[in-house]
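Notes follow the structure.
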Amino acid sequence: MPDSKFIKSAGAMLRETRESKGISLEEASRSTHIHVGVLKKIEGDDFSSMGLVYAKGFLKIYAEFLGLDKADIVERFAGAVPASQRTRSSQKVIIPGITVSSAPAGKNPFSAVWERVASWIKNIDVKIVVIVVLCVVVFWGFRTLLRAMGRRNAQKPAAAQVRVSEKALAVAQKKSVVEPKKKAAPAAPDKKTVSAPVPPVAEKVVLVVRARAKTWLQVKVDGKVVFQSVLARGAAESWTAAKKIEMMIGNAGAVELELNGRILERIGRPGQTLKHVVVTRNGLTVNK
């Protein structure tokens with residue numbers, strides 16, 4: 001049973017405040033960038049499809065939008081969550097084909113799991129493992145070869161330019177020794193040379209986001225929302241923008257960012273919500 005000391009739950013408080021201000025769910029969704037379906041679940045106190053970290057992040061954003069005390073809303077939510085869901089002892093460990101919810105007293109609950117995992121590994125066909133390893137080795141070898149060829153091709157024009165410059169210098173020195181000196185021609189009047197400005201080469205913003213753990217993510221490319229969902233652990237997405245990419249991240253410590261081929265430093269800690277992250281060709285800016 002929930003151990004809440006409040007009469008009204010967090011969802012009820014949020015729903016009543018929104019209705020008293022005459023704000024529709026669609027308007028709240030546009031302002032908070034939270035999907036209408038998620039807002040309905042929050043107001044109905046249905047957090048079964050989202051983790052505690054994401055639920056608290058959504059509650060803080062929604063409470064701030066409605067002008068409520070974020071700490072009070074989160075406390076109401078925490079008091080409404082059953083104690084069995086807040087303790088690690090009752091959490092289930094799920095592995096493909098194996099589910100362990102509890103274990104007899106005095107016995108390690110993970111021992112049976114590891115025995116089943118070891119048995120599952122033994123049943124894997126060795127040929128499949130060898131094929132997978134070979135594919136990975138061939139892929140990385142081919143990638144390394146392409147990079148080496150690209151660096152070699154980039155160095156060839158510079159080397160050719162050096163050889164042409166040396167040859168031209170040798171010819172000029174030979175002419176100065178063999179040809180007789182000529183009278184200096186009268187100096188031509190000075191002419192002003194106006195060089196047209198060279199337009200800068202526009203470099204696009206290419207961003208790759210890799211998820212070390214599950215996280216909610218919203219992405220805007222040049223002001224347009226192109227992604228708004230949960231990015232699963234191990235998944236990766238990339239976007240290309242002409243000017244900038246804006247993000248809202250539910251779990252800042254769970255993402256790895258790569259900007260134009262360069263890996264960026266971690267921008268936050270696990271569980272931290274960042275509401276406005278701006279990425280341009282000049283770098284990254286975090287507005288907490």
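The values are calculated or read from the model by the stated rules, or taken from the named source; none is laboratory data. The shown structure was predicted, so the numbers you read here are calculated from the model rather than taken from an experiment. Note that each Cβ is placed from the backbone with ideal geometry, even for glycine, and that neighbours are counted across all protein chains shown. Heads up: the accessible areas ignore ligands, DNA and RNA and are worked out on the full protein's heavy atoms, side chains in. Shrake-Rupley method; radii C 1.70, N 1.55, O 1.52, S 1.80 Å.
Which fully enclosed strands (runs of 3 or more DSSP E) of the stretch 214-266 have 2 or more residues being farther than 26 Å from G51 by Cα? Working first, answer last.
Details: elements: 215-221, 224-231, 236-241, 244-249, 255-259.
Filter on the stretch 214-266 gives 236-241, 244-249, 255-259.
Can you find a residue that is more than 13 Å from the chain's Cα centre (by Cα), open to solvent by 50 Å² or more (accessible area, probe 1.4 Å), of a type in the set (D, E) and modelled with pLDDT under 90 anywhere in the stretch 216-229?
Going residue by residue through the stretch 216-229, those that are more than 13 Å from the chain's Cα centre (by Cα) are 221-226.
After this cut, where a residue has to be open to solvent by 50 Å² or more (accessible area, probe 1.4 Å) as well, the list is 222-226.
Still in the running and of a type in the set (D, E): 222.
From the residues that got through so far, the ones that are modelled with pLDDT under 90 too are none.
No, the stretch 216-229 has no match at all.
Failed condition for M247, given (1) open to solvent by 50 Å² or more (accessible area, probe 1.4 Å); (2) in contact with a His (Cβ under 9 Å, 6 or more places away or on another chain), with all others met?
So the condition that M247 fails would be (1).
Among G79, G106, G150, which is the only one that is in a loop (DSSP other than H, G, I, E, B), modelled with pLDDT under 85 and of a type outside the set (V, I, T)? If you could, list the steps in order and put the result at the bottom.
Working: G79 fails: in a loop (DSSP other than H, G, I, E, B); G150 fails: in a loop (DSSP other than H, G, I, E, B).
None of the others qualify; the one that does is G106.
What's the number of the condition I23 fails, among (1) over 19 Å from L231 (Cα atoms); (2) without any contact (Cβ under 8 Å) to a residue 60 or more places away in the chain; (3) in contact with an Asp or Glu (Cβ under 9 Å, 6 or more places away or on another chain); (4) of a type in the set (A, V, I, L, M, F, W, C)?
Condition (3) is where I23 drops out.
Within the stretch 4-63, how many residues are assigned to a loop (DSSP other than H, G, I, E, B), at pLDDT 90 or above and more than 26 Å from A232 (Cα to Cα)?
Count: 4.
Take the residues in the stretch 260-285 that are more than 13 Å from the chain's Cα centre (by Cα) and among the small types (G, A, S); name whichever of them is least open to solvent (accessible area, probe 1.4 Å).
The selected residue is G283.
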